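Have a look at the structure below, then the notes.
The values are calculated or read from the model by the stated rules, or taken from the named source; none is laboratory data. Being a predicted model, the structure only gives us computed values, none of them experimental. So basically every Cβ, Gly included, is an ideal-geometry build from the backbone, and we count neighbours across all protein chains shown. Surface areas here come from the heavy atoms of the whole protein model, side chains and all, with no ligands, DNA or RNA. Shrake-Rupley method; radii C 1.70, N 1.55, O 1.52, S 1.80 Å.
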Amino acid sequence: MSTEATPTRSGGTPGLRRLSELPGPRRLPLLGQLGQFDMAQVHRAMEGWARLHGPLFQVHFGPQPVLVVADHEAVARLLRERPERFGRSSRLREITLELGGVTGLFAAEGEAWRQQRKMVMSSFSPGQVRAYFPALLGVTQRLQSRWARAARDGARIDLQADLKRFTVDAIAGLAFGTEVNTLESDADPIQRHLDLVLAGIFKRVMSPLPYWRWVRRAADRELEQSMAAVQEAIGGFVAQGRARLAADPARRAQPPNLLEAMLVAAERGDAGVSERDVAGNVSTMLFAGEDTTANTLAWTIHLLHRHPPALARASAEVRALAPQTAAFTPEAMAALEYLEACALEAMRLKPVAPFLGLEALHDTEVEGVAVPAGGVIWCVLRHDSVDERHFPNPDAFEPGRWLAADAAAASGKRVAMPFGSGPRICPGRYLALLEIKLALAVLLANFEIEGVDTPDGREAAETMHFTMNPVGLSMRLRERG
Ligand code: HEM
(Lines give C-alpha, C1' and ligand atoms only; values in the text may rest on other atoms or scores of the structure.)
Protein backbone atom coordinates (compact mmCIF):
# COMPACT_ATOMS: atom_id res chain seq x y z
CA MET A 1 0.00 0.00 0.00
CA SER A 2 1.11 3.55 -0.60
CA THR A 3 2.02 5.76 2.34
CA GLU A 4 3.79 9.10 2.71
CA ALA A 5 7.56 8.73 2.70
CA THR A 6 10.35 11.00 3.81
CA PRO A 7 13.33 10.87 1.48
CA THR A 8 16.75 10.97 3.15
CA ARG A 9 19.29 13.60 2.16
CA SER A 10 21.13 11.20 -0.13
CA GLY A 11 17.89 10.82 -2.10
CA GLY A 12 17.32 7.29 -0.81
CA THR A 13 14.52 6.41 1.58
CA PRO A 14 14.95 3.65 4.14
CA GLY A 15 13.00 0.56 3.12
CA LEU A 16 12.10 1.91 -0.30
CA ARG A 17 13.53 1.12 -3.71
CA ARG A 18 14.80 3.89 -5.93
CA LEU A 19 13.19 4.34 -9.32
CA SER A 20 16.59 3.75 -10.90
CA GLU A 21 16.67 0.22 -9.42
CA LEU A 22 13.58 -0.84 -11.36
CA PRO A 23 13.82 -2.77 -14.61
CA GLY A 24 13.12 -0.94 -17.86
CA PRO A 25 14.08 -0.71 -21.50
CA ARG A 26 17.66 0.25 -22.38
CA ARG A 27 18.00 3.97 -22.83
CA LEU A 28 20.23 6.42 -24.60
CA PRO A 29 22.07 9.10 -22.61
CA LEU A 30 19.99 12.32 -22.47
CA LEU A 31 17.34 10.99 -24.85
CA GLY A 32 16.22 8.07 -22.72
CA GLN A 33 13.55 6.21 -24.68
CA LEU A 34 12.95 9.06 -27.15
CA GLY A 35 13.49 7.95 -30.72
CA GLN A 36 12.63 4.34 -29.80
CA PHE A 37 8.97 4.79 -30.74
CA ASP A 38 6.64 7.10 -32.60
CA MET A 39 4.81 9.41 -30.13
CA ALA A 40 1.48 8.52 -31.73
CA GLN A 41 2.23 4.92 -30.65
CA VAL A 42 3.43 5.73 -27.14
CA HIS A 43 0.60 3.68 -25.58
CA ARG A 44 1.67 0.56 -27.46
CA ALA A 45 5.32 1.08 -26.55
CA MET A 46 4.38 1.22 -22.85
CA GLU A 47 2.10 -1.81 -23.14
CA GLY A 48 4.88 -3.77 -24.87
CA TRP A 49 7.42 -2.87 -22.18
CA ALA A 50 4.94 -3.83 -19.44
CA ARG A 51 4.73 -7.31 -20.99
CA LEU A 52 8.53 -7.48 -21.14
CA HIS A 53 9.59 -5.89 -17.86
CA GLY A 54 6.56 -6.56 -15.65
CA PRO A 55 3.93 -4.22 -14.24
CA LEU A 56 6.34 -1.82 -12.46
CA PHE A 57 9.22 -0.35 -14.45
CA GLN A 58 11.03 2.85 -15.37
CA VAL A 59 11.28 4.76 -18.64
CA HIS A 60 12.87 8.10 -19.48
CA PHE A 61 11.38 10.80 -21.70
CA GLY A 62 14.58 12.70 -22.34
CA PRO A 63 16.01 13.42 -18.89
CA GLN A 64 12.60 12.97 -17.20
CA PRO A 65 12.32 9.64 -15.35
CA VAL A 66 8.83 8.14 -15.32
CA LEU A 67 7.49 5.36 -13.11
CA VAL A 68 5.17 3.07 -15.06
CA VAL A 69 2.48 1.08 -13.22
CA ALA A 70 0.41 -1.48 -15.14
CA ASP A 71 -1.15 -3.74 -12.49
CA HIS A 72 -4.85 -2.81 -12.32
CA GLU A 73 -5.06 -3.04 -8.53
CA ALA A 74 -2.01 -0.82 -8.06
CA VAL A 75 -3.43 1.66 -10.61
CA ALA A 76 -6.81 1.72 -8.84
CA ARG A 77 -5.04 2.40 -5.52
CA LEU A 78 -3.20 5.39 -7.03
CA LEU A 79 -6.32 6.77 -8.67
CA ARG A 80 -8.17 6.55 -5.35
CA GLU A 81 -5.56 8.76 -3.66
CA ARG A 82 -6.57 11.91 -5.49
CA PRO A 83 -6.69 14.81 -5.07
CA GLU A 84 -4.56 14.57 -1.89
CA ARG A 85 -1.46 12.68 -2.99
CA PHE A 86 -1.57 12.72 -6.78
CA GLY A 87 -2.72 15.27 -9.32
CA ARG A 88 -2.92 15.42 -13.08
CA SER A 89 0.04 16.54 -15.17
CA SER A 90 0.99 20.14 -14.36
CA ARG A 91 2.50 20.32 -17.87
CA LEU A 92 -0.97 19.89 -19.36
CA ARG A 93 -2.17 22.92 -17.39
CA GLU A 94 0.90 25.01 -18.23
CA ILE A 95 0.79 24.24 -21.93
CA THR A 96 -2.95 24.89 -22.21
CA LEU A 97 -2.58 28.28 -20.49
CA GLU A 98 0.50 29.19 -22.50
CA LEU A 99 -1.49 28.57 -25.69
CA GLY A 100 -4.15 31.02 -24.53
CA GLY A 101 -6.59 28.33 -23.40
CA VAL A 102 -8.51 28.01 -20.13
CA THR A 103 -8.69 25.02 -17.80
CA GLY A 104 -11.54 23.50 -15.83
CA LEU A 105 -12.37 20.38 -13.85
CA PHE A 106 -10.00 18.04 -15.71
CA ALA A 107 -6.95 20.09 -14.77
CA ALA A 108 -8.17 21.54 -11.45
CA GLU A 109 -6.65 20.44 -8.15
CA GLY A 110 -7.41 20.69 -4.43
CA GLU A 111 -10.32 22.80 -3.20
CA ALA A 112 -11.12 24.26 -6.63
CA TRP A 113 -11.45 20.68 -7.96
CA ARG A 114 -13.79 19.72 -5.09
CA GLN A 115 -16.13 22.67 -5.72
CA GLN A 116 -16.22 22.25 -9.47
CA ARG A 117 -16.60 18.47 -9.22
CA LYS A 118 -19.77 18.87 -7.12
CA MET A 119 -21.35 21.13 -9.74
CA VAL A 120 -20.33 18.95 -12.66
CA MET A 121 -21.54 15.77 -10.95
CA SER A 122 -24.97 17.18 -10.29
CA SER A 123 -25.28 18.47 -13.87
CA PHE A 124 -24.39 15.03 -15.30
CA SER A 125 -26.25 12.86 -12.78
CA PRO A 126 -28.42 10.05 -14.20
CA GLY A 127 -31.53 12.14 -13.34
CA GLN A 128 -30.29 15.22 -15.25
CA VAL A 129 -29.24 13.10 -18.23
CA ARG A 130 -32.68 11.48 -18.23
CA ALA A 131 -34.41 14.86 -18.17
CA TYR A 132 -32.34 15.81 -21.21
CA PHE A 133 -33.45 12.70 -23.13
CA PRO A 134 -35.94 14.45 -25.49
CA ALA A 135 -33.28 16.92 -26.66
CA LEU A 136 -30.75 14.12 -27.05
CA LEU A 137 -33.27 12.21 -29.11
CA GLY A 138 -33.60 15.27 -31.37
CA VAL A 139 -29.82 15.26 -31.92
CA THR A 140 -29.99 11.51 -32.67
CA GLN A 141 -32.73 12.08 -35.26
CA ARG A 142 -30.50 14.65 -36.97
CA LEU A 143 -27.74 12.03 -37.14
CA GLN A 144 -30.22 9.64 -38.71
CA SER A 145 -31.23 12.23 -41.35
CA ARG A 146 -27.59 12.95 -42.16
CA TRP A 147 -26.87 9.23 -42.62
CA ALA A 148 -30.10 8.68 -44.59
CA ARG A 149 -29.00 11.42 -47.02
CA ALA A 150 -25.58 9.80 -47.41
CA ALA A 151 -27.19 6.37 -47.97
CA ARG A 152 -29.52 7.74 -50.66
CA ASP A 153 -26.62 9.54 -52.38
CA GLY A 154 -24.41 6.45 -52.14
CA ALA A 155 -21.87 8.66 -50.35
CA ARG A 156 -19.09 7.45 -48.13
CA ILE A 157 -19.51 8.68 -44.56
CA ASP A 158 -16.50 10.09 -42.76
CA LEU A 159 -17.41 8.15 -39.65
CA GLN A 160 -15.40 9.99 -37.00
CA ALA A 161 -16.29 13.43 -38.38
CA ASP A 162 -20.03 12.66 -38.26
CA LEU A 163 -19.79 11.17 -34.79
CA LYS A 164 -17.97 14.26 -33.53
CA ARG A 165 -20.77 16.44 -34.86
CA PHE A 166 -23.18 14.21 -32.92
CA THR A 167 -21.21 14.39 -29.65
CA VAL A 168 -20.63 18.16 -29.81
CA ASP A 169 -24.32 18.80 -30.47
CA ALA A 170 -25.20 16.48 -27.56
CA ILE A 171 -22.83 18.05 -25.04
CA ALA A 172 -23.60 21.66 -25.98
CA GLY A 173 -27.31 21.14 -25.39
CA LEU A 174 -26.88 19.42 -22.04
CA ALA A 175 -23.98 21.35 -20.54
CA PHE A 176 -24.47 24.81 -22.05
CA GLY A 177 -28.19 24.88 -22.90
CA THR A 178 -27.33 25.91 -26.46
CA GLU A 179 -28.53 24.22 -29.62
CA VAL A 180 -25.46 24.04 -31.83
CA ASN A 181 -26.62 21.81 -34.66
CA THR A 182 -23.37 21.04 -36.44
CA LEU A 183 -25.10 17.92 -37.79
CA GLU A 184 -27.19 19.99 -40.17
CA SER A 185 -24.48 22.43 -41.13
CA ASP A 186 -21.70 22.06 -43.63
CA ALA A 187 -19.85 25.10 -42.36
CA ASP A 188 -16.35 24.70 -40.97
CA PRO A 189 -17.25 23.05 -37.68
CA ILE A 190 -15.73 23.71 -34.27
CA GLN A 191 -14.72 20.01 -34.22
CA ARG A 192 -11.84 20.61 -36.63
CA HIS A 193 -10.38 23.15 -34.21
CA LEU A 194 -11.02 20.93 -31.20
CA ASP A 195 -9.15 18.09 -32.94
CA LEU A 196 -6.21 20.28 -33.85
CA VAL A 197 -5.95 21.69 -30.34
CA LEU A 198 -6.18 18.27 -28.65
CA ALA A 199 -3.53 16.80 -30.95
CA GLY A 200 -1.29 19.88 -30.58
CA ILE A 201 -1.49 19.93 -26.78
CA PHE A 202 -0.76 16.20 -26.62
CA LYS A 203 2.31 16.65 -28.79
CA ARG A 204 3.61 19.49 -26.63
CA VAL A 205 2.93 17.67 -23.34
CA MET A 206 4.91 14.68 -24.62
CA SER A 207 7.76 16.74 -26.04
CA PRO A 208 10.97 16.72 -23.93
CA LEU A 209 11.84 20.27 -25.07
CA PRO A 210 9.56 23.32 -25.57
CA TYR A 211 10.69 23.70 -29.21
CA TRP A 212 7.72 26.02 -29.96
CA ARG A 213 9.23 28.69 -27.71
CA TRP A 214 12.25 28.90 -29.99
CA VAL A 215 10.88 28.14 -33.45
CA ARG A 216 7.27 28.76 -34.50
CA ARG A 217 6.46 26.56 -37.46
CA ALA A 218 3.33 26.63 -39.65
CA ALA A 219 1.81 23.87 -37.48
CA ASP A 220 2.33 26.00 -34.36
CA ARG A 221 0.61 28.97 -35.97
CA GLU A 222 -2.28 26.76 -37.05
CA LEU A 223 -2.53 25.43 -33.50
CA GLU A 224 -2.69 28.97 -32.09
CA GLN A 225 -5.39 29.92 -34.61
CA SER A 226 -7.45 26.87 -33.70
CA MET A 227 -7.10 27.63 -29.99
CA ALA A 228 -8.29 31.19 -30.69
CA ALA A 229 -11.30 29.82 -32.62
CA VAL A 230 -12.17 27.51 -29.72
CA GLN A 231 -11.85 30.41 -27.23
CA GLU A 232 -14.18 32.50 -29.39
CA ALA A 233 -16.77 29.70 -29.45
CA ILE A 234 -16.47 29.35 -25.65
CA GLY A 235 -17.01 33.11 -25.27
CA GLY A 236 -20.14 32.74 -27.40
CA PHE A 237 -21.57 29.95 -25.22
CA VAL A 238 -20.88 31.94 -22.04
CA ALA A 239 -22.46 35.11 -23.48
CA GLN A 240 -25.59 33.17 -24.46
CA GLY A 241 -25.80 31.67 -20.97
CA ARG A 242 -25.55 35.12 -19.40
CA ALA A 243 -28.19 36.51 -21.76
CA ARG A 244 -30.63 33.72 -20.81
CA LEU A 245 -30.10 34.43 -17.10
CA ALA A 246 -30.62 38.16 -17.66
CA ALA A 247 -33.77 37.62 -19.71
CA ASP A 248 -35.27 35.20 -17.22
CA PRO A 249 -33.95 35.77 -13.67
CA ALA A 250 -36.16 32.91 -12.41
CA ARG A 251 -33.60 30.54 -14.00
CA ARG A 252 -31.19 31.51 -11.22
CA ALA A 253 -33.15 29.59 -8.58
CA GLN A 254 -32.63 26.28 -10.37
CA PRO A 255 -30.21 26.73 -13.26
CA PRO A 256 -31.12 24.15 -15.89
CA ASN A 257 -27.59 23.41 -17.10
CA LEU A 258 -23.98 23.35 -15.96
CA LEU A 259 -23.03 26.64 -17.62
CA GLU A 260 -25.82 28.62 -15.98
CA ALA A 261 -25.22 26.90 -12.62
CA MET A 262 -21.56 27.93 -12.79
CA LEU A 263 -22.38 31.49 -13.86
CA VAL A 264 -24.68 31.88 -10.86
CA ALA A 265 -22.03 30.37 -8.52
CA ALA A 266 -19.34 32.71 -9.90
CA GLU A 267 -21.57 35.77 -9.41
CA ARG A 268 -22.25 34.63 -5.82
CA GLY A 269 -18.48 34.42 -5.34
CA ASP A 270 -18.51 30.70 -4.41
CA ALA A 271 -15.07 29.31 -3.63
CA GLY A 272 -13.35 27.55 -6.53
CA VAL A 273 -15.73 28.95 -9.19
CA SER A 274 -14.40 32.14 -10.76
CA GLU A 275 -15.46 33.71 -14.06
CA ARG A 276 -12.41 32.05 -15.59
CA ASP A 277 -13.45 28.65 -14.22
CA VAL A 278 -16.80 29.04 -15.98
CA ALA A 279 -15.06 29.42 -19.35
CA GLY A 280 -12.60 26.69 -18.33
CA ASN A 281 -15.38 24.22 -17.80
CA VAL A 282 -17.15 25.05 -21.06
CA SER A 283 -13.81 24.27 -22.67
CA THR A 284 -13.34 21.10 -20.62
CA MET A 285 -16.77 19.71 -21.47
CA LEU A 286 -16.19 20.33 -25.17
CA PHE A 287 -12.78 18.66 -25.12
CA ALA A 288 -13.65 15.83 -22.73
CA GLY A 289 -17.07 15.08 -24.17
CA GLU A 290 -16.45 15.16 -27.90
CA ASP A 291 -13.48 13.04 -28.89
CA THR A 292 -13.82 10.34 -26.23
CA THR A 293 -17.41 9.43 -27.03
CA ALA A 294 -17.06 9.80 -30.81
CA ASN A 295 -13.97 7.59 -30.93
CA THR A 296 -15.51 4.97 -28.64
CA LEU A 297 -18.49 4.86 -30.99
CA ALA A 298 -16.24 4.62 -34.03
CA TRP A 299 -14.27 1.73 -32.51
CA THR A 300 -17.51 -0.06 -31.55
CA ILE A 301 -18.99 0.27 -35.05
CA HIS A 302 -15.71 -0.91 -36.59
CA LEU A 303 -15.51 -3.95 -34.29
CA LEU A 304 -19.18 -4.84 -34.82
CA HIS A 305 -18.72 -4.72 -38.56
CA ARG A 306 -15.74 -7.07 -38.32
CA HIS A 307 -17.70 -9.53 -36.17
CA PRO A 308 -20.89 -10.47 -38.07
CA PRO A 309 -22.41 -12.74 -35.36
CA ALA A 310 -22.13 -9.92 -32.78
CA LEU A 311 -23.53 -7.43 -35.31
CA ALA A 312 -26.45 -9.75 -36.08
CA ARG A 313 -27.24 -10.19 -32.38
CA ALA A 314 -27.01 -6.46 -31.65
CA SER A 315 -29.21 -5.66 -34.69
CA ALA A 316 -31.80 -8.24 -33.64
CA GLU A 317 -31.92 -6.77 -30.13
CA VAL A 318 -32.36 -3.21 -31.40
CA ARG A 319 -34.98 -4.18 -34.00
CA ALA A 320 -36.98 -6.06 -31.34
CA LEU A 321 -36.75 -3.52 -28.50
CA ALA A 322 -36.24 -0.14 -30.18
CA PRO A 323 -37.34 -0.42 -33.82
CA GLN A 324 -38.33 3.23 -34.35
CA THR A 325 -36.16 6.21 -33.58
CA ALA A 326 -39.08 8.53 -32.77
CA ALA A 327 -40.25 6.04 -30.12
CA PHE A 328 -36.87 5.62 -28.38
CA THR A 329 -37.25 6.05 -24.61
CA PRO A 330 -34.80 5.93 -21.69
CA GLU A 331 -36.38 2.57 -20.72
CA ALA A 332 -35.90 1.11 -24.22
CA MET A 333 -32.26 2.24 -24.19
CA ALA A 334 -31.75 0.68 -20.73
CA ALA A 335 -33.15 -2.61 -22.07
CA LEU A 336 -30.49 -2.83 -24.82
CA GLU A 337 -28.18 -4.97 -22.73
CA TYR A 338 -26.30 -6.64 -25.55
CA LEU A 339 -25.68 -3.28 -27.19
CA GLU A 340 -24.20 -1.97 -23.94
CA ALA A 341 -22.07 -5.13 -23.71
CA CYS A 342 -20.75 -4.36 -27.23
CA ALA A 343 -19.67 -0.89 -26.06
CA LEU A 344 -18.03 -2.30 -22.90
CA GLU A 345 -16.16 -4.89 -24.97
CA ALA A 346 -15.03 -2.23 -27.46
CA MET A 347 -13.80 -0.08 -24.56
CA ARG A 348 -11.89 -3.08 -23.13
CA LEU A 349 -10.06 -3.73 -26.40
CA LYS A 350 -9.88 -0.15 -27.66
CA PRO A 351 -10.00 2.18 -24.65
CA VAL A 352 -9.80 5.76 -25.91
CA ALA A 353 -7.82 6.54 -22.74
CA PRO A 354 -5.35 3.62 -22.70
CA PHE A 355 -3.26 5.32 -20.02
CA LEU A 356 -3.50 8.08 -17.41
CA GLY A 357 -0.68 10.33 -16.23
CA LEU A 358 -0.32 11.35 -12.58
CA GLU A 359 2.02 13.69 -10.77
CA ALA A 360 3.09 13.20 -7.13
CA LEU A 361 2.09 16.26 -5.09
CA HIS A 362 4.58 15.49 -2.26
CA ASP A 363 7.55 13.21 -1.72
CA THR A 364 5.87 9.85 -1.50
CA GLU A 365 6.11 6.18 -2.40
CA VAL A 366 4.36 4.06 -4.97
CA GLU A 367 4.36 0.26 -4.63
CA GLY A 368 7.51 0.40 -2.52
CA VAL A 369 9.34 2.84 -4.81
CA ALA A 370 10.31 6.35 -3.64
CA VAL A 371 8.78 9.09 -5.79
CA PRO A 372 9.75 12.75 -5.24
CA ALA A 373 7.25 15.65 -5.37
CA GLY A 374 6.60 16.39 -9.05
CA GLY A 375 7.51 12.81 -10.04
CA VAL A 376 5.53 11.47 -12.98
CA ILE A 377 3.62 8.19 -12.80
CA TRP A 378 2.23 6.60 -15.94
CA CYS A 379 -0.73 4.29 -15.34
CA VAL A 380 -1.20 1.73 -18.13
CA LEU A 381 -4.91 0.93 -18.34
CA ARG A 382 -4.74 -1.68 -21.13
CA HIS A 383 -2.63 -4.39 -19.54
CA ASP A 384 -4.67 -6.61 -17.24
CA SER A 385 -7.78 -5.88 -19.34
CA VAL A 386 -6.25 -7.85 -22.22
CA ASP A 387 -4.66 -10.54 -20.03
CA GLU A 388 -5.85 -14.15 -19.98
CA ARG A 389 -5.80 -14.20 -16.16
CA HIS A 390 -8.72 -11.79 -16.15
CA PHE A 391 -10.46 -12.30 -19.50
CA PRO A 392 -10.38 -15.73 -21.19
CA ASN A 393 -9.57 -15.49 -24.90
CA PRO A 394 -8.54 -11.88 -24.21
CA ASP A 395 -7.93 -10.66 -27.76
CA ALA A 396 -11.34 -11.76 -29.05
CA PHE A 397 -14.29 -9.33 -29.36
CA GLU A 398 -16.85 -11.23 -27.26
CA PRO A 399 -19.51 -8.84 -25.93
CA GLY A 400 -21.34 -11.76 -24.30
CA ARG A 401 -18.70 -11.87 -21.56
CA TRP A 402 -20.22 -8.70 -20.09
CA LEU A 403 -23.68 -10.24 -19.81
CA ALA A 404 -22.79 -13.04 -17.44
CA ALA A 405 -24.62 -12.23 -14.23
CA ASP A 406 -21.78 -13.75 -12.28
CA ALA A 407 -18.64 -12.69 -10.47
CA ALA A 408 -16.60 -12.79 -13.69
CA ALA A 409 -18.50 -9.89 -15.32
CA ALA A 410 -18.47 -7.89 -12.07
CA SER A 411 -14.73 -8.32 -11.59
CA GLY A 412 -14.16 -7.47 -15.27
CA LYS A 413 -15.59 -4.04 -14.55
CA ARG A 414 -12.91 -3.51 -11.90
CA VAL A 415 -10.09 -4.66 -14.19
CA ALA A 416 -10.98 -2.65 -17.32
CA MET A 417 -11.29 1.00 -16.32
CA PRO A 418 -12.27 2.86 -19.49
CA PHE A 419 -13.65 5.76 -17.47
CA GLY A 420 -10.81 5.80 -14.92
CA SER A 421 -11.48 5.11 -11.25
CA GLY A 422 -11.71 6.71 -7.81
CA PRO A 423 -12.83 10.25 -6.95
CA ARG A 424 -11.89 11.60 -10.39
CA ILE A 425 -13.70 8.92 -12.41
CA CYS A 426 -15.29 10.37 -15.55
CA PRO A 427 -18.39 12.39 -14.59
CA GLY A 428 -19.71 12.12 -18.17
CA ARG A 429 -19.99 8.34 -18.21
CA TYR A 430 -23.82 8.08 -17.97
CA LEU A 431 -24.21 10.61 -20.73
CA ALA A 432 -21.53 8.90 -22.83
CA LEU A 433 -23.15 5.47 -22.53
CA LEU A 434 -26.55 6.87 -23.41
CA GLU A 435 -25.15 8.72 -26.44
CA ILE A 436 -23.36 5.54 -27.53
CA LYS A 437 -26.52 3.46 -27.26
CA LEU A 438 -28.62 6.06 -29.07
CA ALA A 439 -26.20 6.34 -31.99
CA LEU A 440 -25.77 2.56 -32.30
CA ALA A 441 -29.52 1.99 -32.01
CA VAL A 442 -30.31 4.57 -34.70
CA LEU A 443 -27.74 2.91 -36.95
CA LEU A 444 -28.93 -0.66 -36.48
CA ALA A 445 -32.67 0.12 -36.46
CA ASN A 446 -32.62 2.11 -39.69
CA PHE A 447 -29.70 0.94 -41.82
CA GLU A 448 -27.79 -2.06 -43.08
CA ILE A 449 -24.05 -1.49 -42.86
CA GLU A 450 -22.55 -2.13 -46.28
CA GLY A 451 -19.02 -1.40 -45.20
CA VAL A 452 -16.83 0.16 -42.53
CA ASP A 453 -13.62 0.66 -44.43
CA THR A 454 -10.07 1.41 -43.41
CA PRO A 455 -7.44 2.92 -45.73
CA ASP A 456 -5.69 -0.47 -46.17
CA GLY A 457 -8.65 -2.81 -45.73
CA ARG A 458 -7.18 -4.23 -42.50
CA GLU A 459 -8.16 -3.68 -38.88
CA ALA A 460 -8.07 0.06 -38.09
CA ALA A 461 -4.69 1.29 -36.88
CA GLU A 462 -4.52 3.05 -33.50
CA THR A 463 -3.10 6.54 -33.19
CA MET A 464 -2.78 8.62 -30.05
CA HIS A 465 -3.85 12.29 -30.28
CA PHE A 466 -4.75 12.83 -26.63
CA THR A 467 -7.31 10.06 -27.09
CA MET A 468 -6.76 6.86 -29.02
CA ASN A 469 -8.27 7.26 -32.48
CA PRO A 470 -8.93 4.65 -35.15
CA VAL A 471 -7.25 5.81 -38.36
CA GLY A 472 -9.41 6.76 -41.35
CA LEU A 473 -12.74 4.95 -40.93
CA SER A 474 -15.40 5.48 -43.57
CA MET A 475 -18.84 3.87 -43.58
CA ARG A 476 -21.28 2.94 -46.34
CA LEU A 477 -24.95 2.47 -45.46
CA ARG A 478 -28.16 1.26 -47.07
CA GLU A 479 -31.52 2.36 -45.68
CA ARG A 480 -33.74 -0.47 -44.43
CA GLY A 481 -37.05 -0.81 -46.21
C1 HEM B 1 -16.87 7.03 -23.92
C2 HEM B 1 -16.70 8.26 -23.53
C3 HEM B 1 -15.76 8.69 -22.45
C4 HEM B 1 -14.65 8.07 -21.95
C5 HEM B 1 -14.08 6.73 -22.36
C6 HEM B 1 -14.10 8.95 -20.92
C7 HEM B 1 -12.98 8.65 -20.18
C8 HEM B 1 -12.49 9.45 -19.17
C9 HEM B 1 -11.35 9.12 -18.36
C10 HEM B 1 -10.49 7.88 -18.50
C11 HEM B 1 -11.18 10.15 -17.49
C12 HEM B 1 -10.10 10.24 -16.41
C13 HEM B 1 -10.68 9.62 -15.13
C14 HEM B 1 -9.70 9.49 -14.01
O15 HEM B 1 -8.77 10.29 -13.92
O16 HEM B 1 -9.88 8.57 -13.17
C17 HEM B 1 -12.21 11.12 -17.73
C18 HEM B 1 -12.36 12.30 -17.01
C19 HEM B 1 -13.29 13.25 -17.32
N20 HEM B 1 -14.30 13.16 -18.26
FE21 HEM B 1 -14.67 11.58 -19.46
N22 HEM B 1 -14.88 10.07 -20.84
C23 HEM B 1 -15.91 9.96 -21.74
C24 HEM B 1 -16.92 10.87 -21.95
C25 HEM B 1 -17.06 12.06 -21.30
C26 HEM B 1 -18.13 13.00 -21.52
C27 HEM B 1 -19.30 12.81 -22.48
C28 HEM B 1 -17.87 14.06 -20.73
C29 HEM B 1 -18.72 15.31 -20.67
C30 HEM B 1 -19.22 15.88 -20.01
C31 HEM B 1 -16.66 13.80 -19.97
C32 HEM B 1 -16.10 14.64 -19.03
C33 HEM B 1 -14.99 14.33 -18.26
C34 HEM B 1 -14.43 15.24 -17.26
C35 HEM B 1 -14.91 16.63 -16.95
C36 HEM B 1 -13.36 14.55 -16.67
C37 HEM B 1 -12.45 15.06 -15.55
C38 HEM B 1 -12.98 14.61 -14.20
C39 HEM B 1 -12.13 15.04 -13.00
O40 HEM B 1 -10.95 15.28 -13.16
O41 HEM B 1 -12.70 15.11 -11.89
N42 HEM B 1 -16.21 12.58 -20.35
N43 HEM B 1 -13.01 10.68 -18.76
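A few notes on this one:
- Residues that are of a type outside the set (A, V, I, L, M, F, W, C), within 26 Å of residue 173 (Cα to Cα) and touching a helix residue (DSSP H, G or I) at 6+ places or on another chain (Cβ under 6 Å) within the stretch 195-238 comprise just one, 226.
- Residue in the stretch 438-452 that is closer than 22 Å to residue 198 by Cβ, without any contact (Cβ under 8 Å) to a residue 24 or more places away in the chain and either open to solvent by less than 60 Å² (accessible area, probe 1.4 Å) or not basic (Lys, Arg) (or both) present: no
- Residues located in the stretch 26-58, provided they are open to solvent by less than 70 Å² (accessible area, probe 1.4 Å) and of a type in the set (Gly, Ala, Ser): 32, 40, 45, 48, 50, 54
- There is no residue in the stretch 455-466 that is among the charged types (D, E, K, R), touching a strand residue (DSSP E or B) at 6+ places or on another chain (Cβ under 6 Å) and farther than 15 Å from residue 347 by Cα.
- Any hit, the stretch 384-393, residues being more than 16 Å from the ligand (Cβ to nearest atom) and buried (at least 19 other Cβ atoms within 10 Å of the Cβ): yes
- Positions within the stretch 93-111 being under 19 Å from the mean Cα position of the chain (by Cα) and either open to solvent by 40 Å² or more (accessible area, probe 1.4 Å) or within 9 Å of the ligand (Cβ to nearest atom) (or both), in sequence order: 93, 104, 105, 106, 107, 108, 109
- Within the stretch 78-93, the residues that satisfy the criterion of being modelled with pLDDT of 95 or more and in a helix (DSSP H, G or I) are 78, 79, 80.
- Odd one out for residue 75, checked against (1) in a helix (DSSP H, G or I); (2) more than 11 Å from the ligand (Cβ to nearest atom); (3) within 19 Å of the chain's Cα centre (by Cα); (4) more than 16 Å from residue 207 (Cα to Cα): (2)
- Of all residue pairs spaced 6 or more apart or on separate chains, those with beta-carbon atoms under 7 Å, a first member in the stretch 345-357 that is under 21 Å from residue 106 (Cβ atoms) and a second member that is part of a helix (DSSP H, G or I) and more than 6 Å from the ligand (Cβ to nearest atom) are 352/295; 354/43; 355/43; 355/46.
- Any hit, the stretch 405-422, residues being under 25 Å from residue 202 (Cα atoms) and in a helix (DSSP H, G or I): yes
- The stretch 325-349: number of residues that are within 16 Å of the ligand (Cβ to nearest atom), under 16 Å from residue 445 (Cβ atoms) and open to solvent by 20 Å² or more (accessible area, probe 1.4 Å): 1
- Some residue of the stretch 451-463 being within 16 Å of the ligand (Cβ to nearest atom), on the phi < 0 side of the Ramachandran plot and not in a helix (DSSP H, G or I): yes
- Note on the stretch 171-192: among residues that are among the aliphatic types (A, V, I, L, M) and more than 16 Å from the ligand (Cβ to nearest atom), the one that is farthest from residue 120 (Cα to Cα) is 187.
- Failed condition for residue 321, given (1) open to solvent by less than 10 Å² (accessible area, probe 1.4 Å); (2) of a type in the set (A, V, I, L, M, F, W, C); (3) over 26 Å from residue 85 (Cβ atoms): (1)
- Being farther than 25 Å from residue 430 by Cβ, without any contact (Cβ under 8 Å) to a residue 40 or more places away in the chain, open to solvent by less than 20 Å² (accessible area, probe 1.4 Å) and away from the ligand (no atom under 16 Å from the Cβ) is a condition met by no residue of the stretch 257-264.
- For the stretch 59-72, a tally of residues being open to solvent by 20 Å² or more (accessible area, probe 1.4 Å) and either within 22 Å of the chain's Cα centre (by Cα) or polar (S, T, N, Q) (or both) returns 3.
- Filtering the stretch 279-315 to residues that are under 22 Å from residue 92 (Cα atoms) and more than 14 Å from the ligand (Cβ to nearest atom) leaves only 279.
- If you check 90, 145 for being touching a residue at least 12 places away in the same chain (Cβ under 8 Å), more than 18 Å from the chain's Cα centre (by Cα), away from the ligand (no atom under 15 Å from the Cβ) and more than 17 Å from residue 426 (Cβ to Cβ), only one passes: 145.
- Positions within the stretch 425-450 being outside any strand (DSSP E or B), of a type in the set (A, V, I, L, M) and within 17 Å of residue 149 (Cα to Cα), in sequence order: 439, 442, 443, 444, 445
- Of all residues in the stretch 112-129 being near the ligand (Cβ under 9 Å from one of its atoms) and part of a helix (DSSP H, G or I), the one that is farthest from residue 255 (Cα to Cα): 113
- The set of residues in the stretch 436-474 being within 18 Å of the chain's Cα centre (by Cα) and not small (Gly, Ala, Ser) consists of 436, 437, 462, 463, 464, 465, 466, 467, 468, 469, 470, 471.
- Qualifying residue in the stretch 156-174 (condition: free of Cβ contacts under 8 Å to residues at least 12 places away in the same chain, of a type in the set (Asp, Glu) and out of contact with any Phe, Trp or Tyr (no Cβ under 9 Å at 6 or more places or on another chain)): no
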